[in-house]
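To start, the structure itself, in structure tokens.
The values are calculated or read from the model by the stated rules, or taken from the named source; none is laboratory data. Computed from a prediction, not measured in an experiment: that's the story for all the values here. Here the Cβ positions follow ideal geometry from the backbone for every residue, glycine too, while neighbour counts run over all protein chains shown.
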Amino acid sequence: MGKHELYRLTLTNRAVFLDRDGVINRVTMKDGRPHPPSSLDNLEILPHVSEAIQDLRKAGFLIIVVTNQPDVATGVQQQSVVEAIHHRILESCQIDEIKVCFHVDSDMCSCRKPKPGMILAAGKDWFLDLEQSFMVGDRWRDVEAGQAAGCQTIFIDSGYEEQKPENPSASVTSLLEASKFILSVTI
């Protein structure tokens, strides 16, 4: 029996989907826009991320990262660096799975947020009730993807100089604050 089937038999079927950059790890700001760490050495997990994830896991949530990483497609980043960063995050943050889209918008894929493909795939893989699940992100693309998948959405407002999401379920300033909101409406 695989881990997905075991999960189906033992826990409630709900998840908290997390964007990666700006939610789990610190971003680098360039021209008012957030950018991912350029190397494993530049990866810095944000304060209280482990605490927030641990609290959500104790409440029975699966934790799945869904992240766009278009710098691989554009040649700015090597896929091996992204995979090393993901390995470190999996080790240190008690994440159940990381789903990644390496495409750019012009690829017209179904996985690049704001499209819900990664969330829908995880929902199918883990037998999730997406209406009982949450998407937490720091950009409009994250919120829109969560809404399109039928999840409740939480926007981490980091003050970026870009489009804001429309009608998230809640707006907060950190993953810890998001976890407290989720726990307050589900327990």
Segment 76-187: helices (runs of 4 or more DSSP H) wholly inside it with 2 or more residues that are over 12 Å from Phe17 (Cα atoms) and of a type in the set (S, T, N, Q) are 79-93, 175-186
Pairs returned, first residue in segment 174-187 that is in contact (Cβ under 8 Å) with a residue 24 or more places away in the chain, second residue that is outside any helix (DSSP H, G or I) and not basic (Lys, Arg), beta-carbon separation under 6 angstrom, 6 or more apart or interchain, are Leu175/Val23; Leu176/His48; Ala178/Val136; Ala178/Ile154; Ala178/Val172; Phe181/Ala170; Ile182/Phe134; Leu183/Ala59
Checked Arg20, Arg33 against criteria (closer than 19 Å to Trp140 by Cβ and at pLDDT below 95); the one match is Arg33
The one condition Ser80 fails out of (1) modelled with pLDDT under 95; (2) loosely packed, with under 14 Cβ neighbours inside 10 Å is (1)
Looking for something in contact (Cβ under 8 Å) with a residue 40 or more places away in the chain, exposed (fewer than 14 other Cβ atoms within 10 Å of the Cβ) and not polar (S, T, N, Q) - is there at least one such residue anywhere in segment 94-101? no
The condition from (1) in a helix (DSSP H, G or I); (2) in contact with a strand residue (DSSP E or B) (Cβ under 7 Å, 6 or more places away or on another chain) that Pro34 misses is numbered (1)
Check your understanding: Scanning for something modelled with pLDDT under 95, touching a helix residue (DSSP H, G or I) at 6+ places or on another chain (Cβ under 9 Å) and aliphatic (A, V, I, L, M), does segment 5-13 turn up at least one residue?
Key -> no
Exception for Gln54 within (1) within 20 Å of Asp142 (Cβ to Cβ); (2) touching a residue at least 40 places away in the same chain (Cβ under 8 Å); (3) in a helix (DSSP H, G or I); (4) not β-branched (Val, Ile, Thr) falls at (1)
When every residue in segment 127-173 that is under 26 Å from Asp31 (Cβ atoms), in contact with a Gly (Cβ under 8 Å, 6 or more places away or on another chain) and aromatic (Phe, Trp, Tyr) is compared, the one surrounded by the most Cβ atoms within 10 Å (Cβ to Cβ) is Phe155
Restricted to segment 73-90 and to residues being without any contact (Cβ under 8 Å) to a residue 24 or more places away in the chain and more than 16 Å from the chain's Cα centre (by Cα), the residue farthest from His48 (Cα to Cα) is Gly75
Restricting segment 102-114 to residues that are of a type in the set (D, E, K, R) and surrounded by fewer than 19 Cβ atoms within 10 Å (Cβ to Cβ), the one farthest from Asp142 (Cα to Cα) turns out to be Asp107
